[in-house]
1. Length gain on complete extension for the stretch residue 55 to residue 220, per 0.36 nm per residue less the alpha carbon to alpha carbon distance?
2. List the aspartates and glutamates whose Cα lies under 18 Å from the Cα of residue 103, skipping any in the same chain that are fewer than 8 positions away.
3. Tell me whether region 136-178 comes out rounded, prolate or oblate; compute the Cα gyration tensor, take square roots of the eigenvalues as a ≥ b ≥ c, and use a/c under 1.5 as the rounded threshold.
4. Take every DSSP beta bridge whose two residues both sit in region 51-234, then give the antiparallel share in percent to the nearest 5.
5. Along Cα→Cβ, 7 Å out, is where each label goes; now give me the distance between the ones at residue 182 and residue 199 in nm to one decimal.
6. Please work out the C-alpha center-to-center distance from region 74-102 to region 129-154 and express it in whole Å.
7. How long is the gain from residue 87 to residue 160 if the chain were fully straight, where each residue apart is worth 0.36 nm and the alpha carbon distance is subtracted?
8. Find how much the distance from residue 227 to residue 151 grows on full extension, using 0.36 nm per residue of separation minus their present alpha carbon separation; answer in nm with one decimal.
Amino acid sequence: MVRGAVTVAAVVGLGAGLGACAVSGGPGSAGSGGAPAQVRAVADTEGLSGVPVRVKGAVVVVGEKDAPHTVKVYEDARCPFCKRFEEGGARALVGPVADGDVKVEYTIASFLDRNLGGAGSERAANALRASVDAGKFPEFHAALFANQPEDESDDVFTNAFLLRIADRVEGLRGPAFDRAVRDGSHEAWVRDAMQAFREDGMRGTPTVLIDGHKAGGGEDAMYGEASFAGVLRKAGIGS
């Protein structure tokens, strides 16, 4: 929940009534909550070990280039509904991606910085882009959402905290990654990703498109692994 007079990222309906963080008009003020004392454990991403990851323009693509199905995911690192999706429905994508049946195209937005104040979404997006070069995007992506602040108005994604999260991902920390995080080396890419989000007509996160169509299945289908697996099956993905 967002407290006080902060300009909120409203809960809206996307696709089939999906709760989401919405783009709103005016800037807000970031909360004063600090980074958690402990970095949380990371969800298991072993199923994606060795899966190809590449940057294609303003998106990060996870999966085989010639996979017959494409799932597009639009997220903001500070969006609590994105965390719910990543820890629920997104788990149903691991098997199809590992099997070469699906590739996932991530567009990492950063509109919540304007809505709520601060720069945590942009810093997180920069670090996510750096993790691609380090060969650890799926692992860091999972770790990032596992350590999202409980209140999205708290701007906890400082560079120092992002590096602490990276400590949880074996083999990620190193001079090149650390420098990219501290220096904001991928700021231009972060801006391009936000522009791609706008140009694609997105109004909130998470938004998920399966082969070009918004995922359906009811209000909560996106947030459970079993329920989203059912959505995927209806689209011809999975058994």
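Throughout, read-outs are computed from the coordinates displayed, never taken from laboratory work. Because the structure is predicted, anything quoted here is derived from the model rather than measured. Cβ coordinates were reconstructed from backbone atoms using ideal geometry, including for glycine residues, and neighbour counts include every protein chain displayed.
1. 56.4 nm
2. Result set, ordered by chain and number: 46, 64, 66, 75, 86, 139, 211, 225.
3. Cα axes put region 136-178 in the oblate bin.
4. 60 percent
5. The two pseudo-label positions are separated by 3.4 nm.
6. Taking the Cα centre of region 129-154 as reference, the centre of region 74-102 is 12 Å away.
7. 23.9 nm
8. Stretched out fully, the residue 227 to residue 151 stretch lengthens by 24.8 nm.
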